[in-house]
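Down below is the structure, laid out as structure tokens.
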Ligand SMILES: Cc1cc2nc3c(=O)[nH]c(=O)nc-3n(C[C@H](O)[C@H](O)[C@H](O)COP(=O)(O)OP(=O)(O)OC[C@H]3O[C@@H](n4cnc5c(N)ncnc54)[C@H](O)[C@@H]3O)c2cc1C
């Protein structure tokens, strides 16, 4: 069993994120959810505190944190507001393909500007006709001189209207499926790039999500990451890294739901006693606490494996799937414990259920994760 006692540095990182979440994020969470509003002032402050670009190594100006450190921070942020957290960590997702597939020259060119100043980046993989089946993307990268022209549309792209840079996956030939896909870095300022309007979402409403249209966008060969055809493995390896923090994000939602429900159960009386004294409520609280703790340990265990340099596909998929399903179940129980008040927007728990739902869908839906888990598992028995 790995030792998960935190170092002094990890404890203070966690404390800093906790304080930021509770003083800067949580007080604005309900308003940003209702309006909805993209609280840029919160994101700028997160950047100032080093809570963005967590995966960028110190040599490029980033925080250079381990996977476990990132999970500690993400869980605390999500406790304050999951939607804001999605926007804060979107840079990690967008910049990871550069870290994994970029040359030293590309890393030095693209990464330091994000650490020197507040900028947002977006990861552009999903398309209207191809989410889970990433090999089916149709955004074309037509060879043009030495470089490429990109044409197509991406959808559900986090932070797209606010981003200054996109990492984009496009194919030289859709018939080649996975093998035809390459990864490119495209500045927002390139002619032909048009982000769409914010989508109206069920949850994570403090985050921004939109389409991005690419119309004959010129990309020089120096802005392609890896060799032609390396795009699919770069995208999959990126998601292997970023899936574990989604487990942490889901754990933060679940912990918030448990805390609200336990506190409410001590105050609300029925049949002459606090509802916390009814066994049916105690059983719910016990199951909620069990799920929260299991989510945290699975997430930390997956992160520790990644930090040891071991393959993380199986563990990160297990952590993300378990923690996101757990967050949904725990938020559902928190509403039930609140009774009718839980259904009202005046109380924070209905938002937690709406926020938890997304964690079962994005960064690879839980159906796809279960396919990955089974595939990785069966390799051991073959
Ligand atoms: C708020 C939000 C933010 C997002 N941010 C980003 C982002 O920044 N960048 C980005 O690229 N994408 C982003 N996404 C996209 C997200 O990753 C996809 O929505 C997700 O991967 C699912 O793809 P899809 O929506 O096309 O669903 P589909 O692939 O159409 O799937 C529909 C349903 O079928 C299931 N399914 C599909 N194939 C199988 C199968 N083989 N077996 C069993 N079940 C299957 C799925 O699990 C799902 O339940 C975001 C999405 C949302 C909602």
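Bear in mind these aren't lab numbers, they're just calculated from the coordinates by the rules spelled out. The structure presented is a predicted model; accordingly, all values stated were derived computationally and were not measured. Heads up, the Cβs are rebuilt from the backbone with ideal geometry, glycines too, and the neighbour counts pull from every protein chain shown.
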Note to self: What does DSSP give for the chain in terms of the percent of beta bridges that are antiparallel, rounded to the nearest 5?
What the structure shows: 85
Checklist line | the chain: relative contact order in percent, alpha carbon pairs under 8 Å with at least 6 residues between | finding: 16
Check: What residue among 109, 205, 149 shows peak mean-square fluctuation when the chain is described by a Gaussian network model with Cα springs under 10 Å?
Finding: 109
Check: Using the alpha carbon gyration tensor of the range 8-116, what are the three equivalent-ellipsoid semi-axes (square root of 5 times each eigenvalue), largest first, in whole Å?
Finding: 25, 16, 11
Next item on the list: Can you pull the one-decimal nm distance between simple spin-label points at residue 345 and residue 144, each 7 Å off the Cα toward Cβ?
Entry: 4.5
Next item on the list: At 0.36 nm per residue, minus the direct Cα-Cα distance, what do residue 202 and residue 4 gain on full extension? Give it in nm, one decimal, please.
Entry: 67.8 nm
Check: Roughly speaking, what is the centre-to-centre gap between the range 255-315 and the range 219-237 when only Cα atoms are used, to the nearest Å?
Finding: 40
Checklist line | Shape of the range 30-78, Cα gyration tensor, a/c cut at 1.5 | finding: oblate
Notebook entry, point to check: Once you treat every alpha carbon in the range 107-161 as an equal point and sum by Debye, what is log10 I(q)/I(0) at q = 0.15, 0.20, 0.24, 0.27 Å⁻¹?
Noted result: -0.63, -0.90, -0.97, -1.00
Item checked: Distance from the range 14-66 to the range 110-172 (C-alpha centre basis), Å -> 23
Notebook entry, point to check: In Å, what Rg and Dmax follow from the Cα atoms of the range 121-229?
Noted result: 13.3, 44
Checklist line | Linear extension gain, residue 108 paired with residue 176, 0.36 nm per residue minus alpha-carbon span | finding: 21.3 nm
Notebook entry, point to check: Quick one: if the Förster radius is 35 Å, what FRET efficiency do residue 31 and residue 218 give, using the C-beta to C-beta distance and rounding to 0.05?
Noted result: 0.25
Check: Helix 8-20: angle to the longest alpha-carbon principal axis of the chain, degrees 0 to 90, nearest 10?
Finding: 80
Margin query: Below 8 Å, C-alpha to C-alpha, sequence gap of six or more: please give me the relative contact order for the range 125-179 in percent.
Written below: 42
Check: Once the piece of chain linking residue 189 and residue 136 is laid out straight, how much longer is it, given 0.36 nm per residue of separation minus the C-alpha distance between them?
Finding: 16.4 nm
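In the range 121-229, what percentage of the DSSP-assigned beta bridges are antiparallel, given to the nearest 5?
If I count the DSSP bridges inside the range 121-229, around 85 percent turn out antiparallel.
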Check: Considering the Cα trace of the range 233-379, what is its radius of gyration and what is Dmax, both in angstroms?
Finding: 17.0, 61
Next item on the list: Have a look at 356, 263, 17 and tell me which one the Gaussian network model of the chain (Cα, springs below 10 Å) gives the largest fluctuation.
Entry: 263
Next item on the list: Give the Rg/Rh ratio for the range 306-382, taking Rg as the radius of gyration of the Cα atoms and Rh as the Kirkwood radius, to two decimals.
Entry: 1.15
Note to self: With an 8 Å Cα cut-off and a minimum separation of 6 or more residues, compute the relative contact order for the range 121-229 in percent.
What the structure shows: 31
Next item on the list: Would you calculate a helix-derived [θ] at 222 nm for the chain, using -39,500 (n - 2.57) for each DSSP H run of n ≥ 4 and dividing by the full residue count, to the nearest 500?
Entry: -17000 deg cm²/dmol
Check: Going by how many other beta carbons lie within 10 Å of each one, how would you line up 5, 295, 12, fewest first?
Finding: 5, 12, 295
Check: Using the C-alpha gyration tensor of the range 227-269, what are the square roots of 5 times its eigenvalues, in whole angstrom, with the largest one first?
Finding: 42, 6, 4
Margin query: Using the Kirkwood radius over C-alpha pairs as Rh, can you work out the diffusion coefficient of the chain via Stokes-Einstein at 37 °C, viscosity 0.692 mPa s, in µm² per second?
Written below: 154
Next item on the list: Springs between alpha-carbon atoms under 10 Å, Gaussian network over the chain: tell me which of 304, 21, 116 tops the mean-square fluctuations.
Entry: 116
Check: Between residue 380 and residue 307, how many nm apart are label points set 7 Å from Cα along the C-beta direction?
Finding: 2.2
